[in-house]
Amino acid sequence: MFCYQCEETARGTGCTVKGVCGKEDHTAGVQDVLLYLCKGISTRNLAAVSKGGGNKDAGAFITEALFATLTNTNFDDQRLKGMITTAVSIRDALPKSGATEPDACTWTPKSDADIEAKAKEIAEQANVNDDVHSLRAMLLFGLKGLAAYYHHAEMLGYTDNEITNFMQKGLASTLQDLPADQMTALVLECGSVGVKVLALLDTANTKTYGSPEITSVKTTVGTKPGILITGHDLRDLEQLLEQSKDSGVDIYTHGEMLPANAYPALKKYTHLVGNYGSSWWHQKEEFEKFNGPIVVTTNCIVPPKDSYKDKIYTTGPAGYPGVKYIAKKPDGTKDFSSVIEHAKKCQPPQEPGTNGRDLITGCAHDAVLALAGTVVEAVKKGDIKRFVVMAGCDGRQSERQYYTDFAQALPKDTVILTAGCAKYRYNSLDLGTIGGIPRVIDAGQCNDCYSLVVIAQALAQAFGVGINELPVSYNIAWYEQKACLVLYALLSLGVKNITLGPKLPGFVSPGVLKVLVDNFNLGKNSTVEEDMKRMVPS
């Protein structure tokens, strides 16, 4: 195997024996082969579309396949191999793209040994650190983030062919011998399409569930049995809430599901009682203490301990071998009755071991812009001197303590703008308020970085300056491929001076990094003291 798509990749260069995430080498190989076939589908389908034909469902399948290979999403070889079979069927039903075609358009596995041999070939070709391979990897990982966000919008009935067409354009381009400048343009185009998909998902969520409201969320437990739901899929949560409303079972969110507590159409359910635990990597301790069943809707799933493995239910793109899976019915709905019945037989949750403070969420663009006058006045008066965007991902390595220390060291006239699970490094700290404005403004899930962009653009308009002239610094934490897409989106909007950490991506070659530094002044975090001088000048 060769995998370097996440921040924790071995030695900062790539996992070659087993993924740090727990992914086995054979699973990595099956995922690589699935994506290889998707490149063949894309090449053929784009050619067919250009002639007035094509498979209109190819984009939906490619979205599903890309998401399945995102970090900590699907570890289940058998489901992935089923997708390989489907991929071959979709590809082979399309006409040839030309007289000669790339191998991805024609190669067909006849056995598991064929898949293993192709996976080895793909891994050997990927383990090259030149600029073109780096740019192809950047594009591929951005496409995975794009697919993840598009999937969530699609589940709510919001689609856009331009987005799925770009996924295919991007995949097909990796089979071509494009020069570095064209690949760079595709990466930035991926960022522009990323802005579009973030806006689409924002519309899907707010039109379906209402605009988030600034909400205080309990983190302590009740006396009833509970179900814990983690991941990102609000539609799954909605169905679970509706089906369990008269069951005597409480529902708790976990990780990136915390912001769901702020949506009016979800918070109306009185048995949605709060958030349990913290970010994804604490699962092994928190899931064990929860006592009840856990529904994993998307990433992130950590390979479970035997002590609670029988309580895990996956659904959507998530999967793990030996774990129960809840599939969609033909009408698109899901039946969570088995989870609810399971919960009734369980003891109530134990306290998760967090500090028990309520958490504030729901500070999305509508809620914050409703306070725009107050915020602008606070800036003009000097009560708020700087905003620091600390959005992104959390991770298990000790060096991420940096983000807690940085948040605590910020002057009291600064406000943190956050989204994603990075917030768990500081959202339970008592950082106070400025004139009633929370010093940690949590816009929501990682996709709600879009809200932070909308807020920044509104501030720029209010002060009559460009977005890079605002008193805003960017100290972004990344872990997986959705964060890559968000970074590309920010770059496509012209945002400069972004600090990224705790490590720079292993897939960025020295030459590509130089382009990012020269054009966007992108840099890595260092120490709290040094970064504070640079990002929060006195």
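The values are calculated or read from the model by the stated rules, or taken from the named source; none is laboratory data. In this text, all values refer to a predicted model and were calculated from it rather than measured experimentally. Every residue, glycine as well, gets a Cβ built from its backbone with ideal geometry; the counts of neighbours run over all protein chains shown. Just the protein is used for accessible areas: all its heavy atoms, side chains included, with ligands, DNA and RNA removed. Shrake-Rupley method; radii C 1.70, N 1.55, O 1.52, S 1.80 Å.
Things worth noting here:
- If the condition is being of a type in the set (Gly, Ala, Ser) and in a loop (DSSP other than H, G, I, E, B), then the stretch 79-117 contributes Ala93, Ser97, Gly98, Ala99, Ser111.
- Scan of the stretch 127-150 for residues that are more than 26 Å from Ala60 (Cα to Cα) and assigned to a helix (DSSP H, G or I), ordered by number: Asp131, Val132, His133, Ser134
- Yes/no for Leu188 being over 26 Å from Thr333 (Cα atoms) and not in a helix (DSSP H, G or I): no
- Applying a threshold of 6 Å to beta carbon distances and a minimum spacing of six or more residues, or different chains, the list of pairs starting in the stretch 14-31 at a residue that is more than 14 Å from Ile84 (Cβ to Cβ) and without any contact (Cβ under 8 Å) to a residue 40 or more places away in the chain and ending at one that is small (Gly, Ala, Ser) and surrounded by fewer than 22 Cβ atoms within 10 Å (Cβ to Cβ) reads Val20/Ala10.
- Leu175 meets the conditions (1) of a type in the set (A, V, I, L, M); (2) under 30 Å from Val368 (Cβ atoms); (3) in contact (Cβ under 8 Å) with a residue 40 or more places away in the chain; (4) not in a helix (DSSP H, G or I) in every case but one. The failed one is (2).
- Filtered by the rule that a residue be in contact (Cβ under 8 Å) with a residue 60 or more places away in the chain, open to solvent by 50 Å² or more (accessible area, probe 1.4 Å) and assigned to a helix (DSSP H, G or I), the stretch 202-237 gives a lone residue, Arg235.
- Residues in the stretch 456-487 that are over 28 Å from Glu7 (Cβ atoms) and among the charged types (D, E, K, R): Glu469 only.
- The single condition among (1) at negative phi; (2) surrounded by fewer than 23 Cβ atoms within 10 Å (Cβ to Cβ); (3) more than 19 Å from the chain's Cα centre (by Cα) that Gly157 does not meet is (1).
- Single condition Ser307 does not satisfy, out of (1) within 24 Å of Gly395 (Cβ to Cβ); (2) out of contact with any Pro (no Cβ under 8 Å at 6 or more places or on another chain); (3) surrounded by 23 or more Cβ atoms within 10 Å (Cβ to Cβ): (3)
- Sole residue being at pLDDT 95 or above and crowded, with 18+ Cβ neighbours inside 10 Å, chosen from Ala117, Ala113, Ala99, Ala65: Ala65
- Residue in the stretch 424-433 that is farthest from the chain's Cα centre (by Cα), counting only those that are assigned to a loop (DSSP other than H, G, I, E, B) and closer than 19 Å to Glu256 by Cβ: Ser428
- Criterion violated by Tyr150 - all others in (1) in contact (Cβ under 8 Å) with a residue 40 or more places away in the chain; (2) open to solvent by 10 Å² or more (accessible area, probe 1.4 Å) satisfied: (2)
- Scanning the stretch 238-260 for residues that are part of a helix (DSSP H, G or I) and crowded, with 24+ Cβ neighbours inside 10 Å yields Leu240, Gly255, Glu256, Met257, Leu258, Pro259, Ala260.
- Lys81 meets the conditions (1) open to solvent by 40 Å² or more (accessible area, probe 1.4 Å); (2) under 19 Å from Leu143 (Cβ atoms) in every case but one. The failed one is (2).
- For the stretch 68-78, the set of residues classified as open to solvent by less than 20 Å² (accessible area, probe 1.4 Å) and either assigned to a helix (DSSP H, G or I) or of a type in the set (Ser, Thr, Tyr) (or both) consists of Ala68, Thr69, Thr71, Thr73, listed by residue number.
- Residue in the stretch 290-297 that is within 19 Å of Gly210 (Cβ to Cβ), at pLDDT 95 or above and either hydroxyl-bearing (Ser, Thr, Tyr) or open to solvent by 10 Å² or more (accessible area, probe 1.4 Å) (or both) present: no
- Of all the listed residues (Ala153, Ala199), the sole one being in a helix (DSSP H, G or I), under 15 Å from Gly444 (Cβ atoms), touching a Phe, Trp or Tyr at 6+ places or on another chain (Cβ under 9 Å) and not β-branched (Val, Ile, Thr) is Ala199.
- Test: residue in the stretch 29-52 that is over 22 Å from Ala137 (Cα atoms), assigned to a loop (DSSP other than H, G, I, E, B) and either open to solvent by less than 40 Å² (accessible area, probe 1.4 Å) or out of contact with any Lys or Arg (no Cβ under 8 Å at 6 or more places or on another chain) (or both): yes
- Tally, over the stretch 238-281, of residues that are at negative phi and under 17 Å from the mean Cα position of the chain (by Cα): 11
- Residue satisfying all of: in the stretch 6-28; over 20 Å from the mean Cα position of the chain (by Cα) and in a helix (DSSP H, G or I); surrounded by the most Cβ atoms within 10 Å (Cβ to Cβ) among these: Thr27
- Taking the stretch 373-408 as the range and being open to solvent by 50 Å² or more (accessible area, probe 1.4 Å), more than 22 Å from Ile455 (Cα to Cα), assigned to a helix (DSSP H, G or I) and in contact (Cβ under 8 Å) with a residue 40 or more places away in the chain as the test, the residues that pass are Glu399, Asp405.
- Taking the criterion of being open to solvent by 20 Å² or more (accessible area, probe 1.4 Å), farther than 30 Å from Val20 by Cα and hydroxyl-bearing (Ser, Thr, Tyr), the only residue of the stretch 409-433 that qualifies is Thr433.
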